[in-house]
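Chemist: This is the structure, below, for whatever I ask next.
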Amino acid sequence: MRSKMFVSGFTIVRNAIKYDYPVKESIESILPLCDEVIVLVGNSDDGTRALIESIGSAKIKIHQSIWNDALRVGGKVLAVETDKAFKLINPKADWCIYIQADEVIHEQYHKKVLKAMQTWLTHKEVEGLLFGYKHFFGNFNYLATSRSYYRNEIRVIRNNPAIISYRDAQGFRKNGEKLNVKPSEGQVYHYGWVRHPDMMRQKIKNFHQLWHNDDWIDAQENLNRDFDYNEIDSVETFNGSHPSVMKSRIKLKNWDFKPSFNPIQKSFKKKLLFWLESKTGIRLGEYKNYKLL
């Protein structure tokens, strides 16, 4: 199946160790799907490049970049860096797999993703493949089910220079238009909200620097104390298996989280919408940055 197409992976990362990003696991999770993986390492002060080198795969091609820290509107620098990485892929690539530094694709979906790429390879109207999302929250035993967490996003795109990263690099567009996509039948396990509360506070404070100036950040009292995971309005227990590349990281967990909030602390409107979604699977007003063919 793989011999008939060339697949490039690409990602960006900066200060992965300092802010506890599972980028090593992210890259390892897509290596079996790819012929090459482009890793664009931003200016870091914590040994991030050495961490990527430690994976030891000939498929990985590391490039260096300097982030423009003056881009503090809407996380634009993330899209700029993602576009830089996309331009570095092999010109002969048919499909390109994008993975963020806190995302992992479970190996149980590899065959399905490869099959989808092969199935739609010659169907040029299909510009990307859609993945479902599991957003882990608090620790590795809970999933965020709040309506504010996106359920699907594009993570495989055509090797087309007209396609660019959109907004803060959550997804992609072509000439300003949403991409036409088909389901990949794969799932992305998102671990962006799984860290020690103190590390989460530091990560969020750093992340806000991509959106706001220093005065705004200094005025946020919540950024000066440990992150409170109980501020979310809805989580559920995760009973499945984690990707094999995550097992070592999970064993090192040194904090605990047990939901203690009242899950009914929502407005009547939110409760109604949440009830409707739980009964029908329909999320009214859901943001979709794609066109499902």
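Chemist: Does Arg49 qualify as being more than 15 Å from the chain's Cα centre (by Cα) and closer than 29 Å to Asn139 by Cα?
Modeler: Working: more than 15 Å from the chain's Cα centre (by Cα): yes; closer than 29 Å to Asn139 by Cα: yes.
The answer is yes for Arg49.
Chemist: If you take the residues of region 47-60 that are closer than 15 Å to Ser26 by Cα and of a type outside the set (A, V, I, L, M), which of them is surrounded by the fewest Cβ atoms within 10 Å (Cβ to Cβ)?
Modeler: Filtering region 47-60 down to residues closer than 15 Å to Ser26 by Cα leaves 48-49, 51-57, 59-60.
Narrowing the set further to residues that are of a type outside the set (A, V, I, L, M) leaves 48-49, 53-54, 56-57, 59.
Values: Thr48: 25, Arg49: 16, Glu53: 14, Ser54: 9, Gly56: 7, Ser57: 14, Lys59: 16.
That would be Gly56.
Chemist: Restricting to region 109-135, name every residue that is within 13 Å of Ile157 (Cα to Cα) and small (Gly, Ala, Ser).
Modeler: Listed by number, the residues that qualify are Ala116, Gly128.
Chemist: Test each condition in (1) modelled with pLDDT of 75 or more; (2) of a type in the set (S, T, N, Q); (3) more than 29 Å from Tyr166 (Cβ to Cβ) for Ser184 and report the one that comes out false.
Modeler: All conditions are met except number (3).
Chemist: Assess whether Asp83 counts as being surrounded by 14 or more Cβ atoms within 10 Å (Cβ to Cβ), touching a Phe, Trp or Tyr at 6+ places or on another chain (Cβ under 8 Å) and not aromatic (Phe, Trp, Tyr). Step through it out loud before you land on a result.
Modeler: On the way: surrounded by 14 or more Cβ atoms within 10 Å (Cβ to Cβ): yes; touching a Phe, Trp or Tyr at 6+ places or on another chain (Cβ under 8 Å): no; not aromatic (Phe, Trp, Tyr): yes.
Considered against the rule, which asks whether it is surrounded by 14 or more Cβ atoms within 10 Å (Cβ to Cβ), touching a Phe, Trp or Tyr at 6+ places or on another chain (Cβ under 8 Å) and not aromatic (Phe, Trp, Tyr), Asp83 comes out as no.
Chemist: Here's another thing I want to ask about it. For region 76-104, what are the residues that are at pLDDT below 95 and within 19 Å of Leu31 (Cα to Cα)?
Modeler: None; the set is empty.
Chemist: Another question, if that's okay. With the condition kept exactly as written, say whether any residue in region 57-76 is touching a residue at least 24 places away in the same chain (Cβ under 8 Å) and in a helix (DSSP H, G or I).
Modeler: yes
Chemist: Still on this structure, I have one more. With (1) surrounded by fewer than 21 Cβ atoms within 10 Å (Cβ to Cβ); (2) closer than 28 Å to Leu252 by Cα as the list, and Asp94 as the residue in question, which single condition is left unmet?
Modeler: (2) is the only condition that Asp94 fails.
Chemist: Right, here's the next one. Looking at region 1-54, which of its residues are polar (S, T, N, Q), closer than 21 Å to Val188 by Cα and either in contact with a helix residue (DSSP H, G or I) (Cβ under 8 Å, 6 or more places away or on another chain) or free of Cβ contacts under 8 Å to residues at least 40 places away in the same chain (or both)? Quick ask: steps written out before the conclusion?
Modeler: Going residue by residue through region 1-54, those that are polar (S, T, N, Q) are 3, 8, 11, 15, 26, 29, 43-44, 48, 54.
Checking the rest, the ones that are also closer than 21 Å to Val188 by Cα come to 8, 11, 26, 29.
Within region 1-54, Thr11, Ser29 meet the criteria.
Chemist: Here's something else I'd like to know. Consider Phe131 against the criteria (1) part of a strand (DSSP E or B); (2) at pLDDT below 95: it satisfies all of them except one. Which criterion is unmet?
Modeler: Every condition holds for Phe131 apart from (2).
Chemist: Mind telling me which of the residues Lys124, Lys115, Lys182, Lys92 ends up being more than 17 Å from the chain's Cα centre (by Cα) and in a helix (DSSP H, G or I)? Please lay out each step first, then the result.
Modeler: Working: Lys124 fails: in a helix (DSSP H, G or I); Lys182 fails: in a helix (DSSP H, G or I); Lys92 fails: in a helix (DSSP H, G or I).
Just one listed residue meets the conditions, Lys115.
The values are calculated or read from the model by the stated rules, or taken from the named source; none is laboratory data. What you see is a predicted model; the values in this text were computed from it and never measured. Glycine also receives a Cβ, built like all others from the backbone with ideal geometry; neighbour counts cover every protein chain displayed.
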